[in-house]
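The structure under discussion appears below in the form of structure tokens.
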Amino acid sequence: MDCPYQEHCGGCLFRTMTFEEYRQAKIERVKKILSGLQSRDYRFGEPFFMGDGHRRRASLNFKYQKGKLRFGFNQKQSNEIVNLDKCLLLSDVLNESITSIRELLTELCQVKIPLRKKNKIIGSQSIQSGDIWLTEAENGVDVVLETETELVLEHRLIISEYGQSHNNIIRISYRRKTAEHAETILEKAKPYVLMGGIEVFIPAGTFLQAGKASEKAMINQVMKYVGETQGKIADLFCGVGTFSYPLSTNKNNQITAIDSAESLLEGFQQSVNRNMISNIKIKNKNLFKYPLDEKELSEFDIIVFDPPRAGAEAQVTKIASAPKKPSKLISISCNPHSFVRDANILINGGYTLQEIVLIDQFTYSNHSELVALFTK
């Protein structure tokens, strides 16, 4: 589908191709990277491609200069912003929010904040740039405003009035930097998503898979690989519990979910408690610095791991050298290059790579997700 912004926007590098051309090019690109694997006997499963209109989260940039607001994504290889009204990648719910959020940002940027020195006003400043993080929850849109400028009372009143007059916006938060905890300005309802049929409240600006369809595809693949095997399962780099919740529906499973992101784990624990899920235990541990050791690994029948782009080199090295290994490993990777490195460590450690499936949730981009099964 043609996009009016595709010549300039950096979000869709390959939209000039037909979807079938893009699909084949991505498969070939991933297979070329996978040629670095030390095993050639694995199956390359049927890929999943998400397509347009399914993205449930997005980060957009804004800049206010000379009384005009630019709001959208960056141009290709540039910090300049492509001023957009909608994005074909995004869900209808998020696209419907863009126009009103543009109006909100314009009003916020027009607020003059007095600059004082020794009780004298020496000038003024205003919000000039920042980011807007949008997440489509099951019950509405969660918005995070990120800007270096501190909000004053007038900003907060504008945000509150905006939120109250737009039914689809259920929470608006503010932070100065991405790594900081977001302060809630307005919350009409706690945003939640469904995981394994369970309502899971999400922190502001939390990481979720880009689309519900791609998340479902990943979960289905993980559950297929688990199959009839049950018992003690480690969910490493668990985040908000994307895989722990569906795994917990089999009451014969005991899941240990491990991550180092405190805010995510806090919300995860609250959801587990609220839904009275007795077979998920949550641990806070930095698996890059302190991977599970031989004794800890010996307790598990299955390990599911979904690390950041850097991969899980330290942890897979421990797994490969462990005298008592889990019977199944299920890898979810957002970086085929680090996947190849980690997979080769496991293959050299005695695991067989059975299958790899490509999950394409960042349509028309270079990014690819993989789900893979290793058996002892």
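List of remarks:
- In region 32-70, residue nearest to D342 (Cα to Cα) [restricted to those that are assigned to a strand (DSSP E or B) and among the hydrophobic types (A, V, I, L, M, F, W, C)]: F44
- For region 180-213, filtered to residues that are modelled with pLDDT under 95 and of a type in the set (S, T, Y), the residue that is surrounded by the most Cβ atoms within 10 Å (Cβ to Cβ) is T206.
- Taking region 1-56 as the range and being within 25 Å of Q77 (Cβ to Cβ) and among the small types (G, A, S) as the test, the residues that pass are G10, G11, A25.
- The single condition among (1) within 19 Å of E183 (Cα to Cα); (2) surrounded by 12 or more Cβ atoms within 10 Å (Cβ to Cβ); (3) under 27 Å from the mean Cα position of the chain (by Cα) that H166 does not satisfy is (1).
- Checking G53, G11 one by one, the residue that is at pLDDT below 90 and within 26 Å of E138 (Cβ to Cβ) is G11 and no other.
- The selection criterion, being among the β-branched types (V, I, T), in contact (Cβ under 8 Å) with a residue 60 or more places away in the chain and either open to solvent by less than 30 Å² (accessible area, probe 1.4 Å) or part of a helix (DSSP H, G or I) (or both), holds for I127.
- Scan region 35-63 for residues that are open to solvent by 80 Å² or more (accessible area, probe 1.4 Å) and under 26 Å from the mean Cα position of the chain (by Cα) and the total you get is 2.
- Residues in region 214-224 that are open to solvent by less than 20 Å² (accessible area, probe 1.4 Å) and among the hydrophobic types (A, V, I, L, M, F, W, C): A217, M218, V222.
- Whenever a residue of region 308-322 is in a loop (DSSP other than H, G, I, E, B), its partners that are open to solvent by 60 Å² or more (accessible area, probe 1.4 Å), lying with C-beta atoms within less than 7 angstrom and at least six residues away or across chains, give the pairs G311/R341; A322/E294.
- Evaluation of K281 against the conditions (1) at pLDDT 95 or above; (2) open to solvent by less than 20 Å² (accessible area, probe 1.4 Å); (3) touching a strand residue (DSSP E or B) at 6+ places or on another chain (Cβ under 6 Å); (4) not β-branched (V, I, T) shows that the sole unmet condition is (2).
- From the list K251, K177, the lone residue that is among the charged types (D, E, K, R), surrounded by fewer than 21 Cβ atoms within 10 Å (Cβ to Cβ) and within 20 Å of the chain's Cα centre (by Cα) is K177.
- N286 meets each of the listed conditions (1) crowded, with 17+ Cβ neighbours inside 10 Å; (2) not in a strand (DSSP E or B) apart from (1).
- Only one entry of K66, K32 meets the criterion of being surrounded by fewer than 17 Cβ atoms within 10 Å (Cβ to Cβ), modelled with pLDDT of 95 or more and not small (G, A, S), and that entry is K32.
- Taken over region 141-150, the criterion of being open to solvent by less than 50 Å² (accessible area, probe 1.4 Å) and modelled with pLDDT under 95 is satisfied by T149 alone.
- Candidates E21, E107: the one that is open to solvent by 40 Å² or more (accessible area, probe 1.4 Å) and without any contact (Cβ under 8 Å) to a residue 12 or more places away in the chain is E21.
- Any chance Q77 is in contact (Cβ under 8 Å) with a residue 40 or more places away in the chain, open to solvent by 20 Å² or more (accessible area, probe 1.4 Å) and either part of a loop (DSSP other than H, G, I, E, B) or of a type in the set (S, T, N, Q) (or both): yes
- Counting only residues that are assigned to a helix (DSSP H, G or I) and β-branched (V, I, T), region 323-367 holds 3 of them.
- Scanning region 225-245 for residues that are crowded, with 20+ Cβ neighbours inside 10 Å and more than 22 Å from P291 (Cα to Cα) turns up Y225, V226, Y245.
- Screening L264, L292, L297 for residues that are over 19 Å from F207 (Cβ atoms), surrounded by fewer than 21 Cβ atoms within 10 Å (Cβ to Cβ) and touching a residue at least 12 places away in the same chain (Cβ under 8 Å) leaves exactly one candidate, L297.
- Residues that are modelled with pLDDT of 95 or more, β-branched (V, I, T) and surrounded by 23 or more Cβ atoms within 10 Å (Cβ to Cβ), drawn from region 333-363: I356, I359
- Of the strands (runs of 3 or more DSSP E) contained entirely in region 137-200, those carrying at least 3 residues that are over 23 Å from C109 (Cα atoms) fall at 192-195.
The values are calculated or read from the model by the stated rules, or taken from the named source; none is laboratory data. In this text the structure is predicted, and so the values were computed from the model without any measurement. No Cβ is skipped: glycine too gets one built from the backbone with ideal geometry, and neighbour counts run over all protein chains shown. Ligands, DNA and RNA are excluded from the accessible area calculation, which covers all protein heavy atoms including side chains. Shrake-Rupley method; radii C 1.70, N 1.55, O 1.52, S 1.80 Å.
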